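Values quoted throughout were computed directly from the atomic coordinates according to the rules given, and no laboratory measurement underlies them. What you see is a predicted model, and the numbers here were worked out from it, not measured in a lab. In this analysis, Cβ positions are derived from the backbone assuming ideal geometry, glycine residues included, and neighbour counts consider all displayed protein chains.
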Amino acid sequence: MRTEQPKTIYLKDYRQPDYWIAETHLTFELFEDHALVHSRLAVQRNAEQGKKLPPLVLDGQQLQLISLALDDVELSEDSYQLDADHLTLHPGSAEFELAITTRIEPQNNTALEGLYKSGGMFCTQCEAEGFRKITYYLDRPDVMSRFTTTVIADRGDYPVLLSNGNPVASGEHEAGRHWATWEDPFPKPAYLFALVAGDLVLIQDSFTTMSGRDIDLRIYVEPENREQCGHAMDSLKRSMRWDEEVYGREYDLDIFMIVAVNDFNMGAMENKGLNIFNSSCVLAHPDTATDLAFQRVESVVAHEYFHNWSGNRVTCRDWFQLSLKEGFTVFRDSQFSGDMNSATVKRIEDVTFLRANQFAEDAGPMAHPVRPDSFIEIANFYTLTVYEKGSEVVGMLHTLCGADGFRKGTDLYFERHDGQAVTCDDFVKALEDANGLDLTRFKRWYSQAGTPRLEMNGHWDANAGEFRLLCRQSCPPTPGQTDKQPLVIPLRMALLDSQGAEMSLQLADETGSRGTETVLAITEAEQLFVFTGLREEPLPSLLRGFSAPVKMTYPYSRDDRVFLAKHDPDGFNRWEAAQALAVEVMQGLVTMAQAGRPLMLDQRMVDVYRSVLNNPELDPAMVAEIIRLPSEAYMVELAEQADIDAIHKVRETLRAELAQALHDDMLAVWQRLSVPQPYTPDAASVARRSLKNTLLGYLMLSESEEIVAACVRQFIEANNMTDRQAALVALVNSPFEEQKQAALAEFARQWQDYPLVMDQWFSVQAASGQPGGLERVQALMQHPAFNLRNPNKVRAVVGAFANQNLVNFHRLDGAGYGFLADQIITLNSLNPQIAARLMTPLTRWRKYDPARQALMQEQLQRIMATDDLSADVYEVVSKSLA
Ligand code: B3K
Ligand code: ZN
């Protein structure tokens, strides 16, 4: 139990800092058992806050203060105050220089925040509040300073010394040590500071910007990973070009560096000029990384690069504005990935992820607006709501302004706010000003939590040739927000005739036609749109491209869904119709299963899947998306009270029935796609592999000896990790014990020295819904390659089990919950951020039956009663129990 309650911080309490720091000069002396950090700060009174000189309160945690001088005069201990989180001084003038030396122990930093050691190298992670674990500072994003950094370390162990900006000098130091100085000309908040020292090799390339400047591009990795950087480098160059072409944004420093580290709490970090990446988001080679991993590298490299403008040049005023940079940058990286690959498939992936995960967050105890109005620990707010829903909000702005209007708006935003720390309101204001729009009501998306419901109904008046579309919106209450206001919901739609062709759209109260596809702006709680001049009853195709993050309903019949799945000219909505059909069928089957009735398959699903499988015009990646059943997690999210055993059983049974009913069609397509080919990474080949391996999963359910043999063959002979891993997944989820064990053993033998490949080996097993999941996971944690201090390993084993293996995690005796709570309690003291993230499945306890609810609450109570609970875990657990 905590002795004191951590404090809640409110957006309404924001005020400018009392002081600015114009210049920050840092010198790091790195040793094996400690580091000394010398800082010299040019501090100025913030004149806007008045003339009086208030105390200067610097942030600092877990620091040992060695010395402190003001304008070169050493301060005596009675002239300043130190507590666990602050150093308070009493300046005598409006401008002065502060010299501070602190001592820290990076080698003992297991939280991976601040300066820490990963393997043999030193590295940093400062966002959001890690810099205060390095030195005393005004650690807040609205304090922007020019940084100069010198790093001193042993030359033999740390030949590479890096920091932000441009390298300006380097040289020898005493006793085999050396130093390098870096200067960053762009003022930045401390969260963008970075330092790396290690024995790294360098992959180098260059990029010529649109104004003709040559940029030195470097990726630093440990020597054994040298061959795995090509894809990240290509992705970087494509991102740089794309940001010039689509947003007019050019890179600004002369050098851009990426460093890959093995121990990292998240995917990557956009430190100015020196991005630090989880190695899982840099390294990719066809032998070791799946197509999915390749795509992730491409999108994370792009995301971090795009932050150079959306985040670094224009940053956040305070952490409540986090989505200003994250929502916008996710939107930008999604656009980029859509442009590089299939835009429709990318949109389907994003929507699938959002609905299964962010919607669940929005419906749970941690629900918060895209711009939260309070938090206890900001690290807990790097959420799906801030990132993914934030990106949807920017996407809606893009829809409402149009592509050209949006570009005008972002140009104005970057020009107006370059070098500033601003708010989400400033972003919207730039779009308003550039387009002459009033987005006042739209801005409720930033302040209102919860997933809106959009209930649509249609009425056909044959005599008048009119179709009336009635829209009703509402939003369920969320913690602390009971009254919800109507939002502006852009609804992209068309009307289809009986052949599936788009009809011309004429609204009753408008003179001009809207063409054949339009965006309706729904602004009221209830609104009616009347389409006139129609020759026949239309079938509406609604919310195309998922034009708003809402739960929409329309009283479609199953036959309507079948029709849309086959004929909607909009690819996204064809997928959506097939998904909705599958959801409806599965929900019906769950009810049957609960009543103990036999599960009867709706032949219309077979019909849709068959027509999709045999449609030569469809992109194979689209076919794969359409025939993939909704995930268990999504079915849980949709249920009022989730019966996970029934959901699991229904999904598995339905898969087996589909595999049986469509066996010949699936086999034919699979055989056609399985003809051995040299490996190529292009989008068309990725799409073919995706469909081929989705079909392999289905075909394995037939339990035919021949298919199992083919699967084993694919496992052995594959010339790439995508095919090898897909075969492994199929075997691990099959009842063929002997082949499964052989494949697992062979895989581990071959890849034991490749941590990222072993992560896949771990997660394939941890996520398998085969019986005995918990025991399997406990055994995996004893494996020599497992390490609780490495976040990737924790995610691969504990995370995969608790988030993806629902049927095993939710076993009725509660042992899954107890296991997760054990890990959270251990990690609470090692790495609070990772511990808090693992809490997610337990926060969802209200979704389950009373027996499971009680068991989950029991574990939450147990965590709550833990000694020295971190603020991170405390916030999630206390809000979950509230
Ligand atoms: N901005 C970083 C987030 C780091 C947060 C650490 N608690 C990654 C990203 O969104 O690009
Ligand atoms: Zn980001």
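Residues in the range 284-300 that are part of a loop (DSSP other than H, G, I, E, B), in contact with an Asp or Glu (Cβ under 9 Å, 6 or more places away or on another chain) and of a type in the set (A, V, I, L, M): Ala284 only. Output the residue which, of all residues in the range 301-321 that are outside any loop (DSSP other than H, G, I, E, B) and within 9 Å of ligand 2 (Cβ to nearest atom), is surrounded by the most Cβ atoms within 10 Å (Cβ to Cβ). Applying the filter and picking the extreme gives Ser310.
Could you say whether any residue in the range 627-637 is of a type in the set (Phe, Trp, Tyr), in contact with a Leu (Cβ under 8 Å, 6 or more places away or on another chain) and assigned to a helix (DSSP H, G or I)? No, the range 627-637 contains no residue that is of a type in the set (Phe, Trp, Tyr), in contact with a Leu (Cβ under 8 Å, 6 or more places away or on another chain) and assigned to a helix (DSSP H, G or I).
Looking only at residues in the range 360-383 that are within 16 Å of ligand 2 (Cβ to nearest atom) and more than 15 Å from Val876 (Cα to Cα), the one that is surrounded by the most Cβ atoms within 10 Å (Cβ to Cβ) is Val370.
This table checks each residue for (1) away from ligand 1 (no atom under 16 Å from the Cβ); (2) out of contact with any helix residue (DSSP H, G or I) (no Cβ under 9 Å at 6 or more places or on another chain); (3) charged (D, E, K, R).
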{"position": "Asp78", "(1), (2), (3)": "yes, yes, yes"}
{"position": "Leu87", "(1), (2), (3)": "yes, yes, no"}
{"position": "Ser93", "(1), (2), (3)": "yes, yes, no"}
{"position": "Glu97", "(1), (2), (3)": "yes, yes, yes"}
{"position": "Pro106", "(1), (2), (3)": "yes, yes, no"}
{"position": "Leu115", "(1), (2), (3)": "no, no, no"}
{"position": "Glu129", "(1), (2), (3)": "no, no, yes"}
{"position": "Arg140", "(1), (2), (3)": "no, no, yes"}
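Within the range 155-178, the set of residues being touching a Gly at 6+ places or on another chain (Cβ under 6 Å) and either free of Cβ contacts under 8 Å to residues at least 40 places away in the same chain or among the small types (Gly, Ala, Ser) (or both) comprises Arg155, Gly165. Residues in the range 106-127 that are within 29 Å of Tyr19 (Cβ to Cβ), touching a residue at least 40 places away in the same chain (Cβ under 8 Å) and in a loop (DSSP other than H, G, I, E, B): Ala111, Glu113, Cys126, Glu127. Number of residues in the range 322-362 that are in contact with an Asp or Glu (Cβ under 7 Å, 6 or more places away or on another chain) and not in a helix (DSSP H, G or I): the value is 1. In summary, Asn275 fulfils each of the numbered conditions (1) under 19 Å from Cys123 (Cα atoms); (2) in a loop (DSSP other than H, G, I, E, B); (3) within 16 Å of ligand 2 (Cβ to nearest atom) with the single exception of condition (2). Taken over the range 327-352, the residue count meeting the criterion of being surrounded by fewer than 22 Cβ atoms within 10 Å (Cβ to Cβ) and away from ligand 2 (no atom under 16 Å from the Cβ) is 12.
Asp216 fulfils the conditions (1) over 27 Å from Asp154 (Cα atoms); (2) not in a loop (DSSP other than H, G, I, E, B) except for a single criterion, (1).
Screening Gly311 on (1) away from ligand 1 (no atom under 11 Å from the Cβ); (2) touching a helix residue (DSSP H, G or I) at 6+ places or on another chain (Cβ under 7 Å) shows it passes everything except condition (1). Condition test on Val297, is it within 12 Å of ligand 2 (Cβ to nearest atom), touching a residue at least 12 places away in the same chain (Cβ under 8 Å) and closer than 23 Å to Ser280 by Cα? So Val297 fails the test. Pairs are defined by a Cβ separation below 6 Å, a sequence spacing of at least 6 or placement on different chains, a first member in the range 85-102 that is of a type in the set (Phe, Trp, Tyr), and a second member that is outside any strand (DSSP E or B); the pairs so defined are Phe96/Asp71. From the list Gly130, Gly114, the one residue that fits, being within 16 Å of ligand 2 (Cβ to nearest atom), closer than 18 Å to Gln64 by Cα and not acidic (Asp, Glu), is Gly130.
Would the range 534-552 turn up any residue that is touching a helix residue (DSSP H, G or I) at 6+ places or on another chain (Cβ under 9 Å), at negative phi, of a type in the set (S, T, N, Q) and surrounded by 15 or more Cβ atoms within 10 Å (Cβ to Cβ)? Checked the range 534-552: at least one residue is touching a helix residue (DSSP H, G or I) at 6+ places or on another chain (Cβ under 9 Å), at negative phi, of a type in the set (S, T, N, Q) and surrounded by 15 or more Cβ atoms within 10 Å (Cβ to Cβ). For the residues Met856, Met839, Met864, the requirement of being within 20 Å of Val798 (Cβ to Cβ), surrounded by 22 or more Cβ atoms within 10 Å (Cβ to Cβ) and over 22 Å from the mean Cα position of the chain (by Cα) singles out Met856. Criterion applied to Thr440, Thr482, Thr451 was being β-branched (Val, Ile, Thr) and either buried (at least 19 other Cβ atoms within 10 Å of the Cβ) or under 25 Å from Asp350 (Cα atoms) (or both), and the one residue passing it is Thr451.
For the range 32-78, the set of residues classified as over 21 Å from Glu95 (Cβ atoms) and not in a strand (DSSP E or B) consists of Glu32, Asp33, His34, Gly60, Gln61, Gln62, Leu63, Ser76, Glu77, Asp78, listed by residue number. Taken together, Ala42, Ala69, Ala22 contain a single residue that is hydrophobic (A, V, I, L, M, F, W, C), surrounded by 12 or more Cβ atoms within 10 Å (Cβ to Cβ) and touching an Asp or Glu at 6+ places or on another chain (Cβ under 8 Å), which is Ala42.
Restricting Glu23, Glu97, Glu29 to those that are within 30 Å of Arg789 (Cβ to Cβ) and not in a loop (DSSP other than H, G, I, E, B) reduces the list to Glu29. Are any of the residues in the range 729-740 buried (at least 20 other Cβ atoms within 10 Å of the Cβ), in contact with a His (Cβ under 8 Å, 6 or more places away or on another chain) and either in a helix (DSSP H, G or I) or touching a residue at least 60 places away in the same chain (Cβ under 8 Å) (or both)? No, the range 729-740 has no match at all. Going by the conditions given, is Leu667 over 24 Å from Glu706 (Cα atoms), touching a helix residue (DSSP H, G or I) at 6+ places or on another chain (Cβ under 8 Å) and free of Cβ contacts under 8 Å to residues at least 40 places away in the same chain? So Leu667 fails the test. Thr385 falls short on exactly one of the conditions (1) part of a helix (DSSP H, G or I); (2) among the hydroxyl-bearing types (Ser, Thr, Tyr); (3) within 13 Å of ligand 1 (Cβ to nearest atom), and that condition is (3).
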